[in-house]
Amino acid sequence: MLTGGGGESARAGLARRGARPTRLALLTLLGATAAGLPAPTAAESRYVVRNDTSRAFTCGLRREGRSVLDRFVIRSGERWEQVSERDGRRSLLCDSQTLTPQWRVYPGLLYRLVEDSRTGRVVLREGPPSAGARD
């Protein structure tokens, strides 16, 4: 039997300290697995965006409460990823023709830039990329 320190079992010690996985962590892991993404380690978070539009964008990813942007260019059909040691939601900003939309993104999910068929605006959708299809 494994013991941890004071003679209690390791499992009992973890349960007592509340070390059970959180619902968000489990959903993030399941979402990454379903999207075909490799699961991040416990110390890292993965942010993924795919460009399913016909044009390139200059985008930036910003941590909540910060002003610094990690800038990148994502061309049509490309997929961009960033692995971060810090967890938490980020703001994604992408330069568009008329305005700079801002979306909240969470680690472990796959996001797609698509053109809305009704408005023609670029929107961000969750889910696996559709091969060449536009929303």
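The values are calculated or read from the model by the stated rules, or taken from the named source; none is laboratory data. The shown structure was predicted, so the numbers you read here are calculated from the model rather than taken from an experiment. Cβ placement follows ideal geometry from the backbone for every residue including glycine, while neighbour counts extend to all protein chains displayed.
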Quick check: anything in region 124-135 loosely packed, with under 13 Cβ neighbours inside 10 Å, at pLDDT 85 or above and touching a Leu at 6+ places or on another chain (Cβ under 8 Å)? yes
How about region 68-81: which of its residues are closer than 17 Å to Leu124 by Cα and not small (Gly, Ala, Ser)? Phe72, Val73, Ile74, Arg75, Glu78, Arg79, Trp80, Glu81
What pairs come up if the first residue lies in region 77-99 and is more than 10 Å from Arg63 (Cα to Cα), the second is among the acidic types (Asp, Glu), and their beta carbons are under 6 Å apart, counting only those six or more places apart or on different chains? Val83/Glu44; Glu85/Glu44
Any residue in region 45-66 that is on the phi > 0 side of the Ramachandran plot, modelled with pLDDT of 90 or more, assigned to a loop (DSSP other than H, G, I, E, B) and surrounded by 12 or more Cβ atoms within 10 Å (Cβ to Cβ)? no
Can you work out which of the residues in region 67-108 that are part of a loop (DSSP other than H, G, I, E, B) and in contact with a Ser or Thr (Cβ under 6 Å, 6 or more places away or on another chain) is modelled with the lowest pLDDT? Asp87
Pairs returned, first residue in region 106-119 that is more than 16 Å from Asp87 (Cα to Cα), second residue that is among the β-branched types (Val, Ile, Thr) and part of a loop (DSSP other than H, G, I, E, B), beta-carbon separation under 6 angstrom, 6 or more apart or interchain, are Leu113/Thr53; Glu115/Thr53
